[in-house]
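Presented below is the structure to which this report refers.
Bear in mind that the values in this text are calculations on the coordinates, not laboratory data. The structure displayed is predicted, hence computed values, not measured ones. Cβ sites come from the backbone with ideal geometry, for glycine too, and all protein chains shown count toward neighbours.
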Amino acid sequence: MCADSATVQLTAKDFGSDQDVRWCPGCGDYAILSQVKKVLSTLGVSRENTVFVSGIGCSSRFPYYMNTYGFHSIHGRAPAVATGVKVANPELDVWVVTGDGDALSIGGNHFLHAIRRNLDINILLFNNRIYGLTKGQYSPTSPFGKRTKSSPVGSVDYPLYPLSVAIGA
Amino acid sequence: MVVKTQTENSGQRQVEVVGLESTVVRFCGDSGDGMQLAGTQLTNTSAIFGNDVSTLPDFPAEIRAPIGTLAGVSGFQLAFGSKKLRTPGDQVDVLIAMNPAALKANIADLDGDGALIVNEDAFTKGNLSKAGYENNPLETGELDKYRVFRIPVDKLNTEACKDTELTGRAVGRCKNFFALGVVYWLYGRPMEPTLDWINSKFGSKPAVAEANTKTLKAGYYYGETTEIFTVKYTIAPAKIEAGRYRKLTGNEAMALGLIAAAKIAKKPLFYGTYPITPASDILHELARHKNYDVSTFQAEDEIAAMASVVGAAFAGVFAATGTSGPGIALKAEAIGLGIMAELPMVIVNVQRGGPSTGLPTKTEQADLAQALWGRNGESPMCVLAPQSPGDCFNIAIEAFRIAVEFMTPVMVLSDGYLANGAEPWKIPDVASLPTITVTHPAANSDFQPYRRDEKLTRPWAIPGTAGLQHRIGGLEKEDITGDVCYDPNNHEHMIKTRRKKIDNIADFIAPLEVFGEDSGDLLLLGWGGTFGSITAAVEKAQSEGLSVSSAHLRHLDPMPKNTGEVLSRFKKVLIPELNMGQLLPIIRGRYLVDAVGFNKVQGKPFMINEIMSKIKEMLGK
């Protein structure tokens, strides 16, 4: 089962898949991808026992770029999919990759309950405070007054704070 | 049907004993009166006695509607007999009404020769008015055509419980067992099964156990010693196939079937769900069986439940969910993900009256179209339907067999009637159950996520397997590699392949069987929970010499390969459904037969006579 970690010391590069990374040039997501690969290589974990589950949005392309098991699921539901994976096989290292829209808007309920259940999964929330994939509408973390395509006179909603939500759960 | 008549000594007197082939009893009262419990006890006792039984619980969606009102009436009907019973019966032979509202809501179903037992203490001015009676129907003569037995149940129950520690309302809650005791005497049922149940259920509450015991016996002895009844009935055990039987509801059978399927395949079972009427009992049953390697997950909502099932299937276990129509609506997107990811899972829809919240506790078959087409895009899925409570066990195994062999979600369309209805179920020999073989690609093997076998099934490679790391998801995939792919021709190829894969299932299912002659004037084609009513009606028509047969679809997508051929052998085709006609246009369109629909959407099952009348109308008789 743990062939990887038992036999070889993996490098950051070993955690990369053969897929072209398709985020916009200059996007901060590149830095997160590179850092996650680097960190995993220092943890002594194996590729085959690692599962990345994502929802929908720019951030959620993440699993395609990892040479682990991956599931690019549907909008907002990654924490629930990850719950199923983890309950089915608690030996797996399960990661959720999500964004501010995915986790805090459409998937707010699942985000709260995944944290409440405390299943020993990791959630990476890429908070860029905007809807990137759908090209620029305000998100639940956009600041009050943020002008976007869907809020030409400024957002009328106050942002919520992901860590406060997490602690509150 | 009367089998024989004799007399016996009852207490100090002689009563006539009439032997019957079968009978239909209905308990009805307030939703807090314990009618479901009384009905269940009579069911269990009759099953243990060896009768065939068929039940129809009918209760309001409100937990406690205002006491004494029509909205709060709860009923439990059961048929038991010495012959095979296909339905809980059209007409009631003995109606037990605990208050005026229950009488008003149920009297129309009492047979003209039927017996009515009423709790006369409940016929107070207030209760009569709540039920909408201006005058007491016990006094007006309107019930004269029935044999009416007025029993002061409240007073007698209170008297029976007076030496126990129970007081006030707790005493009132025992009165269902007084009524049950009367019925036990009337049908010569043994009290022991219920006495045993009382002792195990209320072992920690001796006062409650004592009161229920006393009032049950008081009811029984009341029947025996008072001269109110001059007749009692006997019903001989049914001549059924030898074996060990237990009483099983459809929901219990479904739960046991899911467990059995996982056990056969040597897999853990994961059940992710959100509570909803009438499906929750599947969760309750499964939650009791963790010892069989069952994990139940009560999710935060319907969507999360479905998503967790997709995740669990990806991780390599037998994953299932259960819900009702509104839940399926919420789950649709995640079911589509299961179809796109081509993972095995079972989705049980215990249908109820719709649309929207509809009639949560009533039965309907109006989710067939939703099951077949209720998702975005071309998203074909295998759809099955059990035909009796016990068949829910078989269909759950069949669903997992297909799910795993074809790597596809499978939807099972149960309904409220099957889910809550009970019948004696022969405990199967484990060796006789179908086999389900699961294979996962080995570590570091030559693997492509969407490389298919001859049935078009893709491999089920699970996390934890070295060297087979792969990524899947809801985006369209390239054939073979599974990489994200936007190529137009690849998309069309994948759409057609997913459909063809479901069609291929037809090569691995049982053919459609005909009940009766292979050809003739009329074929009744049904699906799901209407099996009992349709078969009973067809049996009756056949016994009257009519050229009528029936066939019942357990597989709705794909349908058995001989379906069109069966239809073609009959001059006319009638499709009875508890909806506005959802199978009908499929059959007409696909097989070009001039089938006619027979539809009912009252939240209630078909009565045998309703179908019988339609058969005669179709045949011009």
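Here are a few things to note about the model shown:
- Low-density loop positions, chymotrypsin sites (Phe, Trp or Tyr not before Pro), the range A:64-169 - DSSP coil, at most 16 other Cβ in 10 Å: A:PHE144
- The mean sequence separation of alpha-carbon pairs under 8 Å and at least six residues apart, normalised by the residue count of chain B, gives a relative contact order of 11 percent.
- The GluC sites (Glu not before Pro) of the range B:479-557 that DSSP puts in a loop, and whose beta carbon has at most 14 other beta carbons within 10 Å, are B:GLU513, B:GLU517, B:GLU544.
- The protein assembly as shown pair-distance distribution - Cα-Cα, 20 Å bins, rounded %: 15, 41, 30, 13, 1
- Rounded tilt (10° steps) of A:78-88 against the dominant C-alpha axis of chain A: 30 degrees
- The simple spin-label model puts a point 7 Å past each Cα toward its Cβ; for B:ASP196 and A:LYS13 those points are separated by 7.3 nm.
- Summing Cβ point charges (Lys, Arg +1; Asp, Glu -1) relative to the Cα centre of the protein assembly as shown gives a dipole of roughly 920 debye.
- Dimensionless Rg ratio for chain A, taking C-alpha atoms and the 2.2 N^0.38 Å reference: 1.08
- Multiplying each eigenvalue of the alpha-carbon gyration tensor of the range B:2-235 by 5 and taking the square root yields semi-axes of 24, 22, 18 Å, largest first, rounded to whole angstroms.
- Under a 5 Å amide H cut-off, with hydrogens placed 1.01 Å from N, B:LYS362 pairs with B:GLY353 among residues at least 5 apart or on other chains.
- Farthest positive-ward along the range B:246-432 dipole, Cα basis, beta-carbon charges - from B:TYR292, B:PHE393, B:VAL410: B:TYR292
- Estimated translational diffusion coefficient (Stokes-Einstein, Kirkwood radius over Cα pairs, 37 °C, 0.692 mPa s) of the range B:107-264: 177 µm² per second.
- Computed label-point distance, nm, for sites B:ILE427 and B:GLU517 using a 7 Å Cα→Cβ extension: 4.4 nm
- Proxy reagent accessibility, fewest Cβ within 10 Å first, across B:TYR245, B:TYR417: B:TYR245, B:TYR417
- When only Cα pairs below 8 angstrom with a gap of at least 6 residues are kept, chain A shows a relative contact order of 16 percent.
- Dipole magnitude (debye, nearest 20) for chain B, charges at Cβ of Lys, Arg, Asp, Glu: 460 debye
- Note on B:THR225/B:THR437: beta-carbon distance plugged into 1/(1 + (r/R0)^6) with R0 of 56 Å gives a FRET efficiency of 0.35.
- Judged by the ratio a/c of the largest to the smallest principal axis of the C-alpha gyration tensor, chain B counts as prolate, that ratio being 1.5 or greater while a/b is larger than b/c.
- Partner shielding of A:14-27 amounts to 1, given as the average count of beta-carbon atoms from other chains within 10 Å of each residue beta-carbon.
- For the range B:248-298, relative contact order (Cα pairs under 8 Å, six or more residues apart, normalised by length) works out to 43 percent.
- Fraction of the pair-distance distribution of the range B:538-593 above 14 Å, Cα-Cα pairs, percent: 60 percent
- Ordering B:ASP90, A:ASP102, A:ASP20, B:ASP33 from the fewest to the most neighbouring beta carbons within 10 Å gives A:ASP20, B:ASP90, B:ASP33, A:ASP102.
- Between the C-alpha center of the range B:1-73 and that of the range B:534-554 there is a gap of 28 Å.
- For a straight C-alpha distance cut-off of 25 angstrom, the lysines reachable from B:LYS290 (same-chain residues fewer than eight places away being disregarded) are A:LYS86, B:LYS201, B:LYS247, B:LYS263, B:LYS266, B:LYS267, B:LYS426.
- In the range B:178-253, trypsin sites (Lys or Arg not before Pro) in a DSSP loop with at most 12 other beta-carbon atoms within 10 Å: B:LYS239, B:ARG244
- Cβ crowding within 10 Å ranks B:LEU156, B:LEU337 as B:LEU156, B:LEU337, fewest other Cβ atoms first.
- Along the range B:17-31 the Karplus relation, 6.51 cos²θ - 1.76 cosθ + 1.60 evaluated at θ = phi - 60°, assigns HN-Hα couplings of 10, 9, x, 10, 7, 7, 8, 10, 10, 10, 8, 9, x, 5, 5 Hz to successive residues, with x for each Gly and Pro.
- The HN-Hα couplings worked out from phi for the range B:96-108 by the Karplus form 6.51 cos²θ - 1.76 cosθ + 1.60 (θ = phi - 60°) are 9, 10, 8, 7, x, 5, 5, 4, 4, 6, 10, 4, 4 Hz, whole numbers, x standing for Gly and Pro.
- Taking amide H as placed 1.01 Å from N in the peptide plane, the amide H of B:LEU553 sits under 5 Å from that of B:GLY526, B:TRP527, B:GLY528, each at least 5 places away or on another chain.
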